[in-house]
Number of protein chains: 2
Amino acid sequence: MGCVPALQRPRVGHIQFLNCLPIYWGLMRSGALIDVDLFKDSPERLNTALVAGDLDIGPISLVEYLRHADELLLLPDLAVGSDGPVLSVNLVSTSPLSSLDGRRVALGATSRTGVLLAQMYLESAVGVRPEYFNSPPDLPRMLDEADAAVIIGDVALRAMHDAPQQPWDVTDLGEAWRTWTGLPMVFAAWAVRRDFAAAHPGLVKDVHEAFLRSKELCLTELDEVAAAAARWEETLSAESLATYFRALDFSLGARQVEGLREFARRAAERGTVPPLPPGGPAFFEG
Amino acid sequence: MGCVPALQRPRVGHIQFLNCLPIYWGLMRSGALIDVDLFKDSPERLNTALVAGDLDIGPISLVEYLRHADELLLLPDLAVGSDGPVLSVNLVSTSPLSSLDGRRVALGATSRTGVLLAQMYLESAVGVRPEYFNSPPDLPRMLDEADAAVIIGDVALRAMHDAPQQPWDVTDLGEAWRTWTGLPMVFAAWAVRRDFAAAHPGLVKDVHEAFLRSKELCLTELDEVAAAAARWEETLSAESLATYFRALDFSLGARQVEGLREFARRAAERGTVPPLPPGGPAFFEG
C-alpha cells in the first residue's frame with residue numbers, strides 16, 4: 001500500500017503582471033484554478049521554467065517560443081498581443097527617431113520580444129542603427145543617459161500614465177508594428193511542452209478549454225477586473241486599466257498567426273532566432 | 001517620477017493539502033484571490049515564513065502559534081480542527097495502546113501539533129511512555145519497525161481509506177481528544193503578524209472578511225469542492241472527500257478557543273511551548 005499519492009495537476013505558469021490579470025480573473029471566476037497547480041512569476045522565469053520542463057504549460061514570450069519551437073506546441077486562440085496600440089511597449093525618445101543612427105538607446109525591458117521589436121523597428125522601418133545598452137527601467141534616468149529608451153510592461157504603463165505632459169516622443173510599438181506591417185503583434189503565447197502533450201493530451205485539452213472559457217469570461221467582466229486591479233495601483237484608475245485591458249488582444253486567430261509569422265521571419269533574418277519550420281507554428285490539437 | 005510601484009497586496013499563505021482545499025475553493029469562487037498575493041506551500045514552510053515575516057497572514061499550526069504568540073494575532077472564527085473524529089490524524093497500532101510503555105512508536109508526521117497530541121494522549125490519557133522516532137510516512141514500513149505509528153494529513157486520509165481491512169487498531173486523535181477532554185481540537189489557526197496588523201489594519205480586516213466569506217461559501221458548496229478534488233485522487237471518492245470536509249471544523253468559536261487553551265495548557269505543562277499569556281490567545285480586532 002504505502003503512500004498513495006494524489007494525481008498530479010498540470011503545472012501551469014501565470015505572468016504576475018497587469019497584462020495577464022484578466023486571464024487570472026477568468027481562471028478564478030470560472031473555478032478552473034482548482035484543477036491546475038499555478039506558478040505565478042515573472043515572464044522570464046516562466047519562460048525558463050517551461051523550457052526546462054519545470055512547468056507543463058505556460059505563457060512564453062514569442063522570441064523564447066521561436067528559440068524552442070521544437071519542444072513546444074502553442075495552445076490555439078490564446079495570446080497576449082495587440083492589433084494596434086498596446087500602451088505598454090514603448091519607445092520613448094528625446095530626439096526624432098530618424099536621428100538615432102549611432103546614438104545611445106537604453107533597453108529597460110525584461111521582455112526580449114518587445115526589445116527585439118524596438119530594434120527591428122528602428123533598424124528596418126526607421127532605418128537607423130543605434131548603440132544599445134541595458135538599463136534598469138527608470139525612464140528619467142534612461143533619458144539622461146540615452147537619446148531614447150525602450151520600456152515595457154507595468155512599468156511602462158505606469159510611467160506613460162504618470163508623465164503625459166513630458167516633452168518626449170512616445171512610439172507605441174504595437175501601433176508602430178501594425179502601421180508598418182498591417183498586422184497584429186503577438187508578444188506572448190501559451191505553450192505546452194510536446195512531451196507533456198503526448199503523455200497527457202486529455203489534461204492539456206482541459207487546461208486549454210479552461211483558458212478559453214476564462215478568456216471569454218474576463219472579456220465580459222473587463223470593467224470588474226479593472227476595478228479590482230485599480231485597488232492595488234497608486235495612480236492608474238479603473239478607467240485607465242479598462243482601456244489597457246481593452247487594448248490587449250488575447251486572441252490568436254488567423255491574422256494574429258500571420259503577425260507572429262511575419263515577426264518570426266524578420267527575427268530569423270536578423271539571425272536572432274532559428275526560422276519557423278514550414279507550416280509553423282505547430283499547435284496543440286486536443 | 002521613476003518607477004511607480006503597485007501597492008503591495010497582503011502576502012497570504014495557503015496550505016496545499018486537502019484540509020484547506022475548501023477554503024481555497026471559497027477564496028476562488030468569491031473572487032477574493034484577486035486581492036491577495038497567495039503563497040501555496042506545506043504547513044511547515046508556511047509556519048516558518050509567517051514567523052520570519054516573509055508572509056503577512058497565514059495558517060499556522062497550533063504548536064508554532066504557541067511558540068510565537070507574542071508576534072502574532074489570531075484571526076477570529078477561522079481554524080482547522082474537529083469536534084470529534086478528524087479522519088486524518090491517526091495513531092495506528094498493532095498492539096493495545098496500554099501495552100506501548102517502552103515500545104517504539106513511529107512519528108510519520110510533518111504536523112508538530114498532531115504529533116504532540118499523540119504523545120500527550122499516550123502519556124497522559126493512556127498512561128504509557130513509549131520510545132518515539134521519526135520516520136517517513138509509509139504506514140506498512142512504520143509498523144514493521146514499531147508497534148504503533150502516527151500518520152497525519154492527506155497521507156493518513158489516503159492510507160486509512162485504502163486499508164480498512166487491515167488488522168490494525170486506529171485511534172482517530174480528534175475523536176480521542178474530544179472523548180478525553182470533552183472539547184474540540186484545533187490543529188491550525190490563521191494568524192497575522194502583529195507588526196503587519198498595526199501598520200495595515202484595513203488590509204487585514206479585508207483579508208479576514210474575505211476568509212470568513214470563503215468559509216461560508218465553501219460550506220454551502222462542499223459537495224462541489226469534493227467532486228472537484230476527487231478528480232485528482234487515485235482512490236478517494238467525492239463521497240469520501242465530502243465526508244472528510246464535513247468532519248473538519250473551520251470555526252474558531254468559544255468552544256474551539258476553550259479546546260485551544262486546554263491543549264496549550266497541557267503542552268506548556270510538558271514544557272513543549274511557553275504558557276499562553278493570561279487572557280490569550282490574542283485576536284486581531286479589525
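Among all residues of segment B:83-97, there is at least one that is out of contact with any strand residue (DSSP E or B) (no Cβ under 6 Å at 6 or more places or on another chain) and assigned to a helix (DSSP H, G or I). Residues in segment A:68-102 that are open to solvent by 30 Å² or more (accessible area, probe 1.4 Å) and within 14 Å of the chain's Cα centre (by Cα): A:Asp83, A:Pro85, A:Leu87. Set side by side, the residues A:Ile34, A:Ile57, A:Ile15 differ, and just one is in the same structural domain as A:Ala210 (by TED's automatic domain parsing), under 30 Å from A:Leu241 (Cα atoms) and under 13 Å from the mean Cα position of the chain (by Cα), which is A:Ile15. Within segment B:103-118, the set of residues being within 14 Å of chain A (Cβ to nearest Cβ) and either modelled with pLDDT of 95 or more or open to solvent by 20 Å² or more (accessible area, probe 1.4 Å) (or both) comprises B:Ala106, B:Ala109, B:Thr110. Scanning segment A:153-186 for residues that are open to solvent by 30 Å² or more (accessible area, probe 1.4 Å) and of a type in the set (Val, Ile, Thr) turns up A:Val155, A:Val170, A:Thr179, A:Thr181.
Take A:Met160 and tell me if it is within 22 Å of the chain's Cα centre (by Cα), within 14 Å of chain B (Cβ to nearest Cβ) and assigned to a helix (DSSP H, G or I). Explain how you work it out, then say what you get.
Working: within 22 Å of the chain's Cα centre (by Cα): yes; within 14 Å of chain B (Cβ to nearest Cβ): yes; assigned to a helix (DSSP H, G or I): yes.
Yes: the conditions hold for A:Met160.
Among the candidates A:Ala226, A:Ala242, A:Ala197, A:Ala189, single out the residue that is touching a Leu at 6+ places or on another chain (Cβ under 7 Å), over 30 Å from A:Leu72 (Cβ atoms), open to solvent by less than 20 Å² (accessible area, probe 1.4 Å) and away from chain B (no Cβ under 14 Å). None of the others qualify; the one that does is A:Ala242. Taking the criterion of being acidic (Asp, Glu), open to solvent by 60 Å² or more (accessible area, probe 1.4 Å) and outside any loop (DSSP other than H, G, I, E, B), the residues of segment A:253-286 that qualify are A:Glu258, A:Glu269. Within segment B:158-169, not a single residue is among the basic types (Lys, Arg) and under 28 Å from B:Ala268 (Cβ atoms). If you filter segment A:245-278 down to residues that are charged (D, E, K, R) and within 16 Å of the chain's Cα centre (by Cα), you find that the one that is farthest from A:Ser214 (Cα to Cα) is A:Arg261.
Restricting the search to segment A:119-142, which residues are surrounded by fewer than 20 Cβ atoms within 10 Å (Cβ to Cβ) and within 11 Å of chain B (Cβ to nearest Cβ)? Hits for segment A:119-142 are A:Pro136, A:Asp138, A:Pro140, A:Arg141. Residues that are more than 9 Å from chain A (Cβ to nearest Cβ), farther than 30 Å from A:Leu143 by Cα and in contact (Cβ under 8 Å) with a residue 60 or more places away in the chain number at least 3 in the following strands (runs of 3 or more DSSP E) confined to segment B:1-76: B:57-61.
Within the bounds of segment B:46-64, is there any residue that is open to solvent by less than 40 Å² (accessible area, probe 1.4 Å) and at pLDDT below 95? The answer is no, given that none of the residues of segment B:46-64 is open to solvent by less than 40 Å² (accessible area, probe 1.4 Å) and at pLDDT below 95. For segment B:206-219, the set of residues classified as more than 14 Å from B:Thr243 (Cα to Cα) and either surrounded by fewer than 16 Cβ atoms within 10 Å (Cβ to Cβ) or among the aliphatic types (A, V, I, L, M) (or both) consists of B:Val207, B:Glu209, B:Ala210, B:Leu212, B:Glu216, B:Leu217, listed by residue number.
Could we say that A:Thr171 is part of a strand (DSSP E or B), closer than 20 Å to A:Asp249 by Cβ and not assigned by TED's automatic domain parsing to the domain that holds A:Pro43 here? Yes.
How many residues does segment B:229-239 contain that are within 11 Å of chain A (Cβ to nearest Cβ) and part of a helix (DSSP H, G or I)? Final tally of qualifying residues: 2.
The values are calculated or read from the model by the stated rules, or taken from the named source; none is laboratory data. Computed from a prediction, not measured in an experiment: that's the story for all the values here. In this analysis, Cβ positions are derived from the backbone assuming ideal geometry, glycine residues included, and neighbour counts consider all displayed protein chains. Note: accessible area is taken over every heavy atom of the protein model, side chains too, but ligands, DNA and RNA are not part of it. Shrake-Rupley method; radii C 1.70, N 1.55, O 1.52, S 1.80 Å.
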